[in-house]
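A short worksheet on the structure shown next.
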Amino acid sequence: FETHQWWKESVVYQIYPASFLDSNGDGWGDVPGITKKLDYLKDLGVDVIWISPIYKSPQADMGYDISDYRDIDPIYGTLKDVDHMIKEIKSRGMKLMMDLVVNHTSDQHAWFEESRSSTKSSKRDWYIWKKPKFDKDGNRQPPNNWAMILGEANSAWTWDEKTQEYYLSLFTAEQPDLNWENPAVRKEVHDVLRFWLERGASGFRMDVINLISKVQSFPDAPISVPASKYQPGDKYYANGPRLHEYLKDIRKEVLSKYDTITVGEMPFVRDEDEIIRVVGAKSGELNMIFAFDLVDIDNVPGDFKFTLHPWDARDVNKIVNRLQRLMIDRDGWNTIFCENHDQPRSVTRYTNDSDEWRELGAKLLCLMQTTLSGTLYVYQGEEIGQRNVPPSWGPEEYKDIESINFWKKNNELYPNNPEKLALAHKILQRKARDNARTPVQWDDSPHAGFTSADAKPWMRVNDDYKTVNAAAQLKLSKDLSVHAFWKRGMENRKKHKDAFVYGDFHLLDEAHKQVFAYKKSSKSETWVVALNFSGETAKWDGLGGLKIAKWVAGNYDESLLAEKATSGTVELKPWEGVLGLVE
Ligand code: TEU
């Protein structure tokens, strides 16, 4: 595949603006707060900054419900603040990626207000309106059985009293889906992209971009969760019939005229041909996608996300191998990420976040992510190993609409069942999006330096900030902290990009229950990465005939690496990860 494309080699850092840094003491992070930390990001090794939505929004879904695509929400600042930030980003040789949320708008967007005003409105068909159905008892029912994504027990259709019709709202009632069948909608979206590219953005992360084309007969979904009245409908709205036409249009009309980076968020899709149609070098609709395989590892397959499912290193082997091969054998491109604002913290999810293991776990995941092919995405706080909220926090601390809906539903279903409610609370602590949304822990001052001491942060700061914070890690000497480990990992990735970013990939011992290990190679060098994804010592003999010239990095005390076996059976301590150069 094509090497030396800047967007393949870049490290992208995701900012969740509400929780990054508050510059004016109102308890919400803001754009000037981001500008203040650009030197920190540059020093870490970041090339591109992706900022989750900062546009005008009622914040029903934290900005993923946009009411004006061409303005900034006052909680985040002004367009002037953004222009200044862009200037400062560029002067440091970095780039900005905006979040493009165009599957739906806010219900308070002027387009929707017009659309819902009457069935005769000129914008009626900018959204998806349908007449009700009636069951045999004459009760009104939504047009089909699709479930809402962020309120999984509810219908994806919202009833509108005034015009006596339902509108499609896949995420929440406050996020009506746009009707992409309408060419006027597509034209508006193209204009929004141009607006931000002209202002200085270098590209977009495209929110649920594979949901924009729906099967127009809107059929009932097959029953996959028998206990639920409404069912996951992704079969009919993910990678729908006209998706590729719409994406090709965006490329032709807008993207082809600029030098951009584009990443499509594509939940639900497993079909490799479908993925290649989007990211294959020839079709080039988008540069890359976020595939969900690795972050879905602990969901019960086919079920909703608030479930718990065991996994081991064999699952990691299978998932990563498949996605690496898709790039290498089929000329596609992909992303490497373990975290974002929709996922729990990776150190908690994939390793052990107790005080004893947290640092090792965070470094293990860093070693994996900095040595695989794909554009690397790091989420704010991941570089210092921030973890999930403590189990002691009650459900009232969770602010995300998805968590609130889940907790409410459980209380309706099991009001007098403490066991069920305890399980629901446990699932929230493991899986809620809130886990990644607590403020960034900058130092050990009140509120972790996220906001002024007398302010009330919009979301509570994790109790562990006195020990887990950026300032404490920056004070440590090189290679000790999680932060320093990330910084060095990114440097090493860039220095040896022919192997790590562009090189070939081979699993070493795919059937090992504890160890995920692989070979990454360029024409001139071969590296071995062995990662123990378990809390027990592992014996690993996947080297085969390979001989390690030197183990060069690891998450334990690196002075001990000289004693590690360089051929035959290698012993890995709990959560140990090592990187070696082959002779
Ligand atoms: O997420 C879409 C999505 O399908 C999932 O990531 C989903 O949020 C998750 O499985 C629920 O737990 C995007 C945004 O990243 C998310 O924050 C928004 O809520 C959503 O779209 C709607 O815009």
Computed [θ] at 222 nm, deg cm²/dmol, the chain (DSSP H ≥ 4; -39,500 (n - 2.57); rounded to nearest 500)
-8000 deg cm²/dmol
Can you tell which of PHE218, LEU428, PRO415 lies farthest toward the positive end of the dipole of the chain, using +1 and -1 charges on the Cβ of basic and acidic side chains (Lys, Arg; Asp, Glu)?
PHE218
List the GluC sites (Glu not before Pro) within the stretch 141-234 that fall in a DSSP loop (any state other than H, G, I, E or B) and whose Cβ has at most 11 other Cβ atoms within 10 Å.
GLU161
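About its Cα centre, how strong a charge dipole does the stretch 110-168 have in debye, to the nearest 20, once Lys and Arg get +1 and Asp and Glu get -1 at the Cβ?
Values: 10 positive and 9 negative charges, 49 e Å.
Dipole size: approximately 240 debye.
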Along the charge dipole of the chain, Cβ charges K/R +1 and D/E -1, which of MET97, LEU197, VAL82 sits furthest on the positive end?
LEU197
Run the reach check for LYS130 against lysines, Cα to Cα strictly under 29 Å, same-chain hits fewer than 8 apart removed. What comes back?
LYS56, LYS120, LYS162, LYS187, LYS214, LYS229, LYS235, LYS248, LYS305, LYS408, LYS409
Cα radius of gyration and Dmax for the chain (Å)
23.8, 77
Residue pairs, from the table LYS497/LYS573; LYS497/LYS519; LYS318/LYS550; LYS495/LYS523; LYS399/LYS456; LYS36/LYS90, whose Cα atoms sit over 18 Å apart:
LYS497/LYS573; LYS318/LYS550
Segments 360-372, 28-40 sorted - mean Cβ within 10 Å per residue, highest first
360-372, 28-40
Contact order normalised by length for the chain, with contacts defined as Cα pairs under 8 Å and 6 or more residues apart; what percent is it?
13 percent
If you wrap a convex hull around the alpha carbons of the stretch 259-363, what volume per residue comes out, as a whole number of Å³?
128 Å³
Under a point-charge model restricted to the Cβ atoms of Lys and Arg (+1) and Asp and Glu (-1), what is the dipole moment magnitude of the chain relative to its Cα centre, in debye to the nearest 20?
880 debye
Could you compute Rg(Cα) / (2.2 N^0.38 Å) for the stretch 504-582, with N its residue count?
1.00
Go through 281-291, 202-212 and give me the packing order, highest mean Cβ count within 10 Å leading.
202-212, 281-291
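Every number here is computed from the coordinates shown, using simple stated rules; none is lab data. Treat the numbers as computed from the prediction; the structure is a model and nothing was measured. Note: ideal-geometry Cβ built from the backbone for every residue, glycine included; neighbour counts use all protein chains shown.
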